[in-house]
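Structure record follows, encoded as structure tokens.
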Amino acid sequence: MPGIKGPSDYSQEPPRHPCLQINSKEPFNAEPPRSALVSSYVTRVDLFYKRNHGPIPVVDDIERYCFDISGLIQTPKKLYMRDVRMLPKYNVTAILQCAGNRRTAMSKTRKVRGVGWDVSAIGNAVWGGAKLADVLELVGIPKLTSRTQSGGKHVEFVSIDKCKEENGGPYKASIPLIQATNPEADVLLAYEMNGEPLNRDHGYPLRVIVPGVIGARSVKWLDSINILAEECQGFFMQKDYKMFPPSVDWDNINWSTRRPQMDFPVQSVICSLEDVQSIKPGKITISGYAASGGGRGIERVDVSIDGGKTWLEASRSQKTGIPYISDHESSDKWAWVLFEITVDIPHSTEIVAKAVDSAANVQPENVQDIWNLRADANFFMLQNHQFIFMLPHMEIFFSVLTFKFVFLSVFFSLLHAVFWKVCKPPKSSAHGPATYPIIGCLISFHKNRHRLLDWYTEILAESATNTVVVSRLGARRTIVTANSKNVEYVLKTNFNNFPKGKPFRDILGDFLGYGIFNVDGELWRMQRKLASHVFSAGCLREFMMSTLKDEVRNQLLPLLDSLADTSKVVDLQELLKRFAFNMICKVSLGVDRCCLDPSQPASPLNKAFDTASEISAKRSAAPLFLVWKVKKWIGVGSEKRLKDAVEEVRTYVEGIIHHKKRKMNENREKLGEEDLLSRLIMAGNNEEVIRDMAISFIMAGRDTTSAAMTWLFWLLSCHPFIEEELVKEINNMEKSMLDYESLKGLQLLKASLCESMRLYPPVAWDSKHAMADDLLPDGTPVRAGDRVTYFPYGMGRMEALWGKDWYEFRPSRWFIEPASYHGGSLKKICPYKFPVFQAGPRVCLGKEMAFIQMNYVVASILRQFEIKPVVSEKPVFVPLLTAHMAGGLKVVIQKRNDSR
């Protein structure tokens, strides 16, 4: 087909998330951990299950891509993507599910064939595209048609995907014409998933979405649509995905005796527990998903904690803030329902869940009653059971975790059982997680490893001093504090006793080397003095302003204008990150870098920075530091990728240094004194120090400002009144007045940025290491070698610092007179209460320039454009070396009606 091709091998497969559990490599079939399913109502694209039958097709020319509609119709037609996009666009929230979901459990009763899925071959997404009913009207088929004049009664979808089951032919499936032409059935030709273009794994550039029906009918990589008199005769309609009784096996099967499976039955799955798990006696929260096919709502989810003898009703939810009512217009009828209940578990038991849909269908209790040779539609109730063992009585347990984790799981659970039985957690003056001899709080840390920020915030809020002591096997003793007096003591009062320290340098040394953010002592003081002189120079400030104006006027605003004209969805976080990367490269290195448009590939240097930053940050969060050190020593996995990324970054920066030195020696560098790199070279530093300082400044300036602006734009979309007030403030200044000094007058804008960074700080936490024994102001003892971490993310959520309304986005809290947005003066907030730019001797030198850059960019955008997020769900805050928004911020740009 023009514009798209199906490869003959697997050499061009797309990248996938490393946490996916791979069930088949070629073709690639994988599912996320079950806990990921209940982390949000809408499933992240990268954690959505992958179901494929062959190599992933490759689009080589999207403009040439088209598909045919033909068969038993009067007017066959060829349609291009632009034709589909011209039709009304609909967003439909719907689950997609492989019919073989939970096949592994059924195979334990009797052997079955097919890819072995756990419970996660399902996901809930917001699909965007044209309704198939509108598309079929283009070829003369009216809505609600069950038969065309030529006798067509079925709509067949043919994929570019080639698979062995079709003897090398294309994958294909069909649905009844009456379903395809019914607008209420919401069948889509989708080109978006969760507000962004489909990725290759999920059918880019165009796929079919048939809500309420097994995923096998939602054909990806659409090649053609055929109107047929009979249902599709392809393999996956006629010799797979049919429901047979338990008496049928591969020796007596007759495929023609059964119709193809369409709607999936009612189901529920517990995702918060493994099939076999050990816990302490007490309260636990049980959560999972429930769904039913055909648009039927979930009337009830019942949970039993005694193996099905008695039942408790769980709460049900879909969208945040909107009560779920089965089959109500406010509910998403094609989506799943999340359920949750908190129960008290006093002893070892079985936990069971069952769902009842709006048609009173209920899950069967026994797998033997619904066993079939392909384990399709495996939704029996007792697949939901979780065996819970109480630790005081437990000696050993079996876990269904993948083999590579079995040893560690058994080891830690046995230790947990022993310590719970014979030991009591040591008493402490500060609140903290349950801590045992030898292993410390390793169990709690591992359990909360995917939500460390919120876990630390919760235990800090419970502490009378907002300080906790954390000890765990494989890591040094750590004091985490959200107490402003402690922060001042560490960052200023006793600064010399709390350097970055060798442990910090071990984690970031491979990436940042001897840069200013990674060194202490005389080397730090030398770099700090040099950097202070450079940042205070008027010419650097002027160079930054001229570069900023040029980038905004000639790159950023024209791109936003183009995006507004096309109503194209764009990742604002990626766009702002590229903008900040270009700015810091120009100011630091004196070079131009990458295209701002996120639809264009990012530069290799930008990708290398992303990789190095992410892996370096994950080193510090590893439950056992020995893991990453062994991987580094062997040179495998993430440590191999880190080494390659660092080498690429260093090679590039060293090349720039050599080039600049050569130009300066030849006296041809007329702008040699403007950028930071030129000044570092002229100061006579050795090349390694220059390289590492440059890398440090790029890393710091690349993500921090873009992260702050991204979160601010999202918060403003949730608070339109504040956005209106900001636009008034900005429009009170003439365009010509947007210079270095006048930008400082945008008081509400600065307050809004500060409020955004209070809730979502670009650096979530920072650590020092004690040189000698010490005592913090709140009475917490510090031992030599302890890690002392101050926690801006948690500090922004402490009632003791910000009041009972800390959770609100309220820029007025930054004004001396909160009632006055315009003309008011800002408070001088203690930097140890709000340490997002650090404080004391290590306070950020670029703080003022960062605010100027953010003020100028945000003011320039808000003056001319409105930013409209396409997904209503709250974004997820992800801390790495610098924080970001998981999955980006997908928005539509609109021109502001009152723009000048």
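Write out, first by first residue and then by second, each pair whose Cβ atoms fall under 9 Å of each other, whose residues are 6+ apart or on separate chains, and whose first residue, in region 824-838, is not assigned by TED's automatic domain parsing to the domain that holds ASP703 while the second is part of a loop (DSSP other than H, G, I, E, B).
If the second residue must be part of a loop (DSSP other than H, G, I, E, B), no pairs are left.
Suppose we keep only residues that are in contact with an Asp or Glu (Cβ under 8 Å, 6 or more places away or on another chain) and not in a helix (DSSP H, G or I) within region 18-37. Which one would you say is surrounded by the most Cβ atoms within 10 Å (Cβ to Cβ)?
Within region 18-37, the match that is surrounded by the most Cβ atoms within 10 Å (Cβ to Cβ) is GLU31.
Quick check on this structure: which one of PHE865, PHE834 is crowded, with 18+ Cβ neighbours inside 10 Å, among the aromatic types (Phe, Trp, Tyr) and either farther than 30 Å from SER484 by Cβ or modelled with pLDDT under 90 (or both)?
Only one candidate passes the filter, namely PHE865.
Going by the structure shown, is MET699 at pLDDT below 90 and over 26 Å from the mean Cα position of the chain (by Cα)?
No: the conditions fail for MET699.
So, TYR793, is that one crowded, with 20+ Cβ neighbours inside 10 Å, assigned to a helix (DSSP H, G or I), in contact with a strand residue (DSSP E or B) (Cβ under 9 Å, 6 or more places away or on another chain) and not aliphatic (A, V, I, L, M) or not?
yes
One line per residue, one yes/no per condition, for (1) touching a strand residue (DSSP E or B) at 6+ places or on another chain (Cβ under 6 Å); (2) over 24 Å from ILE656 (Cβ atoms); (3) hydrophobic (A, V, I, L, M, F, W, C); (4) at pLDDT 90 or above:
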site: MET544; (1), (2), (3), (4): no, no, yes, no
site: LEU557; (1), (2), (3), (4): no, yes, yes, yes
site: ASP561; (1), (2), (3), (4): no, yes, no, yes
site: THR566; (1), (2), (3), (4): no, yes, no, yes
site: LEU575; (1), (2), (3), (4): no, yes, yes, yes
site: ALA580; (1), (2), (3), (4): no, no, yes, no
site: LYS586; (1), (2), (3), (4): no, no, no, no
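Right, LYS164: at pLDDT below 95, charged (D, E, K, R), surrounded by fewer than 23 Cβ atoms within 10 Å (Cβ to Cβ) and assigned by TED's automatic domain parsing to the domain that holds ALA30 or not?
yes
Taking VAL858, is it touching a residue at least 40 places away in the same chain (Cβ under 8 Å) and assigned to a strand (DSSP E or B)?
When the stated conditions are applied, VAL858 does not pass them.
ARG842 - would you say it is over 30 Å from the mean Cα position of the chain (by Cα), farther than 30 Å from ASN91 by Cβ and crowded, with 18+ Cβ neighbours inside 10 Å?
Yes.
Would a scan of region 331-344 turn up a residue that is under 30 Å from PRO875 (Cα atoms), over 28 Å from the mean Cα position of the chain (by Cα) and hydroxyl-bearing (Ser, Thr, Tyr)?
Within region 331-344, not a single residue is under 30 Å from PRO875 (Cα atoms), over 28 Å from the mean Cα position of the chain (by Cα) and hydroxyl-bearing (Ser, Thr, Tyr).
To keep it simple, each residue is scored yes or no on (1) in a loop (DSSP other than H, G, I, E, B); (2) hydrophobic (A, V, I, L, M, F, W, C); (3) at pLDDT 90 or above.
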position: MET733; (1), (2), (3): yes, yes, no
position: CYS754; (1), (2), (3): no, yes, yes
position: ARG797; (1), (2), (3): yes, no, yes
position: ARG813; (1), (2), (3): no, no, yes
position: CYS830; (1), (2), (3): yes, yes, yes
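Given the structure, is ASP774 among the acidic types (Asp, Glu) and in contact with a strand residue (DSSP E or B) (Cβ under 8 Å, 6 or more places away or on another chain)?
In short, yes.
Listed here are the residues, each with its yes/no results for (1) part of a strand (DSSP E or B); (2) in contact with a helix residue (DSSP H, G or I) (Cβ under 9 Å, 6 or more places away or on another chain).
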residue: SER70; (1), (2): yes, no
residue: LYS78; (1), (2): yes, no
residue: ARG85; (1), (2): no, no
residue: ASN91; (1), (2): yes, no
residue: ALA99; (1), (2): no, yes
residue: VAL115; (1), (2): no, yes
residue: VAL119; (1), (2): no, yes
residue: ALA125; (1), (2): yes, yes
residue: GLY128; (1), (2): yes, no
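Is it true that TYR10 is out of contact with any Cys (no Cβ under 6 Å at 6 or more places or on another chain), surrounded by fewer than 17 Cβ atoms within 10 Å (Cβ to Cβ) and either of a type in the set (Val, Ile, Thr) or in a strand (DSSP E or B) (or both)?
no
Return yes when ASN194 is assigned by TED's automatic domain parsing to the domain that holds THR43, buried (at least 19 other Cβ atoms within 10 Å of the Cβ) and either among the charged types (D, E, K, R) or at positive phi (or both) and no when it is not.
Judged against the criteria, ASN194 is a match.
Name, by its number, the condition in (1) within 25 Å of VAL871 (Cα to Cα); (2) out of contact with any Pro (no Cβ under 7 Å at 6 or more places or on another chain) that does not hold for LEU20.
Status for LEU20: all satisfied but (2).
Specify which of the listed residues (VAL552, VAL627, VAL649, VAL587) is part of a helix (DSSP H, G or I), surrounded by 14 or more Cβ atoms within 10 Å (Cβ to Cβ), free of Cβ contacts under 8 Å to residues at least 24 places away in the same chain and out of contact with any Lys or Arg (no Cβ under 6 Å at 6 or more places or on another chain).
Testing whether each residue is part of a helix (DSSP H, G or I), surrounded by 14 or more Cβ atoms within 10 Å (Cβ to Cβ), free of Cβ contacts under 8 Å to residues at least 24 places away in the same chain and out of contact with any Lys or Arg (no Cβ under 6 Å at 6 or more places or on another chain) leaves just VAL627.
In region 478-502, which residues are of a type in the set (D, E, K, R) and farther than 17 Å from ASP520 by Cα?
LYS485, GLU488
With the structure loaded, tell me whether TRP806 is surrounded by 19 or more Cβ atoms within 10 Å (Cβ to Cβ) and within 21 Å of PHE721 (Cβ to Cβ) or whether it fails that test.
So TRP806 fails the test.
Determine which member of the set PRO781, PRO811, PRO777, PRO835 is farther than 30 Å from ARG528 by Cα and touching a helix residue (DSSP H, G or I) at 6+ places or on another chain (Cβ under 6 Å).
That would be PRO811, the only listed residue that is farther than 30 Å from ARG528 by Cα and touching a helix residue (DSSP H, G or I) at 6+ places or on another chain (Cβ under 6 Å).
Go through the residues of region 142-157 one by one and say whether even a single one is under 29 Å from GLN573 (Cα atoms) and surrounded by 22 or more Cβ atoms within 10 Å (Cβ to Cβ).
no
One residue is enough: does region 331-354 have a residue meeting the conditions among the aromatic types (Phe, Trp, Tyr) and in a strand (DSSP E or B)?
Looking for residues that are among the aromatic types (Phe, Trp, Tyr) and in a strand (DSSP E or B), one finds at least one in region 331-354, hence yes.
Condition (residue is over 13 Å from the mean Cα position of the chain (by Cα), at pLDDT below 85, aliphatic (A, V, I, L, M) and over 16 Å from PRO720 (Cα atoms)) applied to region 873-887: is it met by at least one residue?
Checked against the condition, which is being over 13 Å from the mean Cα position of the chain (by Cα), at pLDDT below 85, aliphatic (A, V, I, L, M) and over 16 Å from PRO720 (Cα atoms), region 873-887 yields at least one hit.
Please specify each residue of region 176-192 satisfying the condition of being of a type in the set (Val, Ile, Thr) and more than 17 Å from ARG85 (Cα to Cα).
Matches in region 176-192: ILE178, THR181.
In region 92-113, is there at least one residue being among the basic types (Lys, Arg), in the same structural domain as GLU137 (by TED's automatic domain parsing) and modelled with pLDDT of 90 or more?
No, there is no match, as no residue in region 92-113 is among the basic types (Lys, Arg), in the same structural domain as GLU137 (by TED's automatic domain parsing) and modelled with pLDDT of 90 or more.
Residues of region 298-344 being among the hydroxyl-bearing types (Ser, Thr, Tyr) and either surrounded by fewer than 13 Cβ atoms within 10 Å (Cβ to Cβ) or within 20 Å of VAL42 (Cα to Cα) (or both), which ones?
Listed by number, the residues that qualify are THR310, SER315, SER317, THR320, TYR324, SER326, SER330, SER331, THR342.
Which residue, of PHE713, PHE721, is within 29 Å of the chain's Cα centre (by Cα), in a helix (DSSP H, G or I), modelled with pLDDT of 75 or more and surrounded by fewer than 14 Cβ atoms within 10 Å (Cβ to Cβ)?
Testing whether each residue is within 29 Å of the chain's Cα centre (by Cα), in a helix (DSSP H, G or I), modelled with pLDDT of 75 or more and surrounded by fewer than 14 Cβ atoms within 10 Å (Cβ to Cβ) leaves just PHE721.
The values are calculated or read from the model by the stated rules, or taken from the named source; none is laboratory data. Every value quoted in this text rests on a predicted model; they were computed, and no experiment measured them. As a convention, Cβ positions derive from the backbone with ideal geometry for all residues, glycine included, and neighbour counts pool all protein chains shown.
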